[in-house]
Amino acid sequence: MVDDYLIDKLTGVELRLHPPQPAPISEVIPIGYYATVIKDLDRYRFYYRGTVPGYTGKTHDGNAGEITCYAESTNGIAWIKPALGLFEINGSRSNNAILAGASPFSHNFTPFLDQRPGVAPEQRYKALAGVHKSGLHAFISGDGIRWKKLQDEPVVRSKAFAFDSQNVAFWSELEQTYVCYFRSWETPHGQLRTISRTTSPDFVNWSPPAPMNPNEPAEHLYTSGTHPYFRAPHIYIGLPTRFMPDRGQSTDILFMPSRGGTNYDRVFREAFIRPGLDPSRWGNRANYAAVNVVPTGPAEMSIYTLAGRYVLRTDGFASVHAGHRSGEFLTRPLRFSGNRLTLNMATSAAGSIRMEVQDEQGKPVDGFRLEEATSLVGDQIDRVVTWKAGDSMASLAGRVIRLRFLMQEADLFALQFR
């Protein structure tokens, strides 16, 4: 329920954003300004920008002292920085650098795990990196640790756009293309840091950039953090840093979902992660989220920021929320495949959810009426919806239907047909 895509009508209920909560971590990884976390099977890989110890040279974007560092974990909580031995830094190879001496690419080296079917094993990991002067260069890796350029020339170059922020890319299962989100400046509200995107069938040839225009007036968006959600890759999750220069250069983190194309859904315009009580987090560049929300437990997912780790329940970005007085949620007409419907839901001890299936005209379907529905009480990630006749919905598969939910003291986070 990250947007209003499924919603036709809300009566006495509301779409509510659920801010993540601080959680333990063995070490606050020094993620710098731009970082990426990737879960690959049983391993979590963390990529972040570092600096050569003792470096005293120029500190411009893409300077010679920047390096790309690597940490890993088996649970997303306890992290180690392995001595990889790939680069000699200050006379020693005992370091965790995966990219060094490669200015300007360590400034914003942002990898992803390529989910495109048939991708070559040696290109299983890909990355984009570069600043405005260099353009964006493509990198490839088979193991996520040893990297090389895909080609000598940049794959994206433009005089009208800036690449000094974190340029995020991924293979889109929804759109069947590679997409890249990066910094631009022109918005309907004037010159603001904003987001544009480009697409590519092969990671080499990219389309002319198109503006997203997600900004509110006076709202700068430093990054986008856009990536496919691991439980629903047709939904992209954006976690941009919002910069307010007229508020003492303060920053926070927003939640901006997208379902592809040149559009973010700004149904939630308030902050997702606030700066909080720590005064040091109220300044410029004080609030950045690493790219990717990752699962760190059966019912938990994690977001990593400069302040540490934050957690949400699985699918728990937002919900249709009902308070003490009962209310209703009616979906738009839809078709489904599968046999059963599961809900990610939570109620209070006094709360409940009941569901009715209607036809396209809003008439209740026999066997699936509200009075025949089981009252669902509890807190579960995958609760099967049932009626007096059972839980099978196979007879309705392929038909145009609506779902009507009667809710009290309850949150509905997600639904899925199986």
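Expected output is a single nm value to one decimal: the length gained when fully extending between residue 75 and residue 334, i.e. 0.36 nm times separation in residues minus the C-alpha distance. What is it?
Numbers: separation 259, 0.36 × 259 = 93.24 nm, distance 3.77 nm.
Separation in residues times 0.36 nm, less the Cα-Cα distance, equals 89.5 nm.
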| remark: Going fewest to most other Cβ atoms within 10 Å around each Cβ, 3, 382, 42 line up as 42, 382, 3
| field | In nm, spacing of pseudo-spin labels at residue 361 and residue 43 (7 Å Cα→C-beta vector) | value | 6.0
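Just subtract the alpha-carbon distance of residue 90 and residue 186 from 0.36 nm times their residue separation and send over the number in nm, one decimal. Before the final figure, lay out each step's value.
Working: separation 96, 0.36 × 96 = 34.56 nm, distance 4.25 nm.
Gain in length upon complete extension: 30.3 nm.
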| note | In nm, the gap between the two label points placed 7 Å beyond Cα toward Cβ at residue 51 and residue 27 is 1.9
| task | May I ask you to derive the FRET efficiency for residue 133 and residue 6 from their Cβ-Cβ distance with R0 = 60 Å, giving the value to the nearest 0.05? | result | 0.85
| So what's the net charge close to residue 401: Lys and Arg +1, Asp and Glu -1, counting the other residues with Cβ under 9 Å from its Cβ? | +1
| message | Just to be sure I understand the model, the point goes 7 Å from the Cα along the line to the Cβ. What's the resulting residue 380 to residue 397 distance in nm? | response | 2.1
| task | Could you check which residue among 63, 90, 287 shows the biggest mean-square fluctuation in a GNM of the chain with a 10 Å Cα cutoff? | result | 90
| request: Determine by what factor the alpha-carbon radius of gyration of the chain differs from 2.2 N^0.38 Å, reporting the quotient. | output: 1.06
| request: Grab the Cα-Cα distance for residue 285 and residue 153, subtract it from 0.36 nm times how many residues apart they are, and report the gain in nm with one decimal. | output: 44.5 nm
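Do the alpha carbons of any pairs in 133/159; 81/149; 39/133; 58/148; 39/126; 126/148 sit beyond 20 Å of each other, and which pairs? Intermediate values should be presented prior to the final figure.
Working: 133/159 9 Å; 81/149 24 Å; 39/133 32 Å; 58/148 26 Å; 39/126 14 Å; 126/148 10 Å.
With Cα atoms farther than 20 Å apart: 81/149; 39/133; 58/148.
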| request: For the range 17-69, state the semi-axes of the equivalent ellipsoid (square roots of 5 times the eigenvalues of the alpha-carbon gyration tensor), sorted largest first and rounded to whole angstrom. | output: 28, 14, 11
| message | For a quick check: with amide H placed at 1.01 Å from N, whose amide H comes under 5 Å from residue 243's, ignoring anything fewer than 5 positions away on the same chain? | response | 220, 221, 222
| remark: Quick shape summary for the range 319-417, equivalent ellipsoid via Cα gyration tensor, semi-axes whole Å in descending order, reads 21, 14, 12
| field | Charge dipole (the chain, unit charges on Cβ, about Cα centre) - positive-most of 191, 305, 414 | value | 191
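Using the beta-carbon distance between residue 173 and residue 369 and R0 = 51 Å, what value does 1/(1 + (r/R0)^6) give for FRET efficiency, to the nearest 0.05?
Working: r = 36 Å, r/R0 = 0.71.
The calculated FRET efficiency here is 0.90.
Exposure proxy check: 60, 107 ranked by fewest other beta carbons within 10 Å?
Ranked by crowding around the Cβ, least crowded first: 60, 107.
Each reported figure results from applying straightforward, stated rules to the coordinates on display, with no laboratory input. All values derive from a computational prediction rather than experimental measurement. Here Cβ is always computed from backbone atoms with ideal geometry, including for glycine, and neighbour counts include all displayed protein chains.
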